[in-house]
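Notes to accompany the following structure.
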Amino acid sequence: MKKIAIYGKGGIGKSTTTANVAAALSSQGFKVMQVGCDPKADSTQLLMHGKKIPSVLDQIKEKGEDVELADIAYTGFGGVVCVESGGPTPGIGCAGRGIIAAFNKLEELHAYEEFRPDVVLYDVLGDVVCGGFAMPIRDGYAEEVIIVTSGERMALFAAGNIVLAIDNFKKRGYARLAGIVQNSRKIDNEDEIVRTFAEQAGSRILQVIPRAQIVQEAEALDRTVVEAFPDSPQSACYKELAKKIMEGSANV
């Protein structure tokens, strides 16, 4: 089982990228599990055709110890197992602790043994890498981290914080940086800016995803590009990234 944490600044297109990679992997015959680690609990909506599934935290609050695997794991496009950790009401409680509670519940219910996925994708908010948001890195859940960024300053700032967090945990044998995905925004010199960042991080660019209107068109249909427009160049781009991940060419 390959376990990958995908981090990036909020709004950078991380969840869209993750969902499309999940869809691409499923189309290549892999059993995939996607775990959304964001209080908004919207990581898997494209895979669920617009449906917002109940989060683990909400189900724990409602059912307590009676929560079953069927309450928190749903089947999306291509058989992808979709899970959302969820979080507390905005302004109340710690979102990071919500992720910890969700992960503990998945372990308690033997989710990984039950579904036996070939690959698990943890979609993690990367503005702040602390507490529960660092759990996929520090607690042995993920083996590799992929960072999604653009050439924009704040996206690179968040990406830099993620690199620092990975470095801090590296000596403990936790997840390592596998590479950078450039989700392009068409800013001046973007390719050079992101390439320089990757080099400074001791990593490399795994994939450059072009900015394309077809992404918004697919989202308007509540679908990933891979599902809605499978023969498009954009779909091919996500499929290429998925192939690299599974072949291990993402390793630095």
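Annotations for the structure displayed:
- Residue among Ile205, Ile209 that alone is among the hydrophobic types (A, V, I, L, M, F, W, C), touching a Cys at 6+ places or on another chain (Cβ under 9 Å) and over 23 Å from Arg138 (Cβ atoms): Ile209
- Note on the stretch 26-50: residues that are buried (at least 22 other Cβ atoms within 10 Å of the Cβ) and at positive phi total 1.
- For the stretch 15-25, the set of residues classified as of a type in the set (S, T, N, Q) and either surrounded by fewer than 22 Cβ atoms within 10 Å (Cβ to Cβ) or in contact with an Asp or Glu (Cβ under 8 Å, 6 or more places away or on another chain) (or both) consists of Ser15, Thr16, Thr18, listed by residue number.
- Exactly one residue among Ala95, Ala23 is at pLDDT 95 or above and of a type outside the set (S, T, N, Q), and that residue is Ala23.
- Of the strands (runs of 3 or more DSSP E) that lie entirely inside the stretch 115-214, those containing 1 or more residues that are touching an Asp or Glu at 6+ places or on another chain (Cβ under 6 Å) and touching a residue at least 40 places away in the same chain (Cβ under 8 Å) span 119-125, 176-183.
- Only one of Gly140, Gly173, Gly248, Gly160 that is over 28 Å from Glu107 (Cβ atoms) and out of contact with any strand residue (DSSP E or B) (no Cβ under 7 Å at 6 or more places or on another chain): Gly160
- Residue satisfying all of: in the stretch 148-202; at pLDDT 95 or above and of a type in the set (Ser, Thr, Tyr); farthest from Gly13 (Cα to Cα) among these: Thr196
- Unique match (being of a type in the set (A, V, I, L, M, F, W, C) and out of contact with any Ser or Thr (no Cβ under 6 Å at 6 or more places or on another chain)) among Ala155, Ala198: Ala198
- The stretch 106-141, subset among the acidic types (Asp, Glu) and at pLDDT below 85, residue nearest to the chain's Cα centre (by Cα): Asp127
- Considering the stretch 220-236, and only residues there that are part of a helix (DSSP H, G or I) and more than 17 Å from the chain's Cα centre (by Cα), the residue that is surrounded by the fewest Cβ atoms within 10 Å (Cβ to Cβ) turns out to be Ala220.
- Selection from the stretch 237-252 of residues that are loosely packed, with under 15 Cβ neighbours inside 10 Å and more than 14 Å from Ser27 (Cα to Cα): Glu247, Gly248, Ser249, Asn251, Val252
The values are calculated or read from the model by the stated rules, or taken from the named source; none is laboratory data. Model, not experiment: these values are computed from the prediction. Using ideal geometry, Cβ is built from the backbone for each residue, glycine included, and neighbour counts are taken over all protein chains shown.
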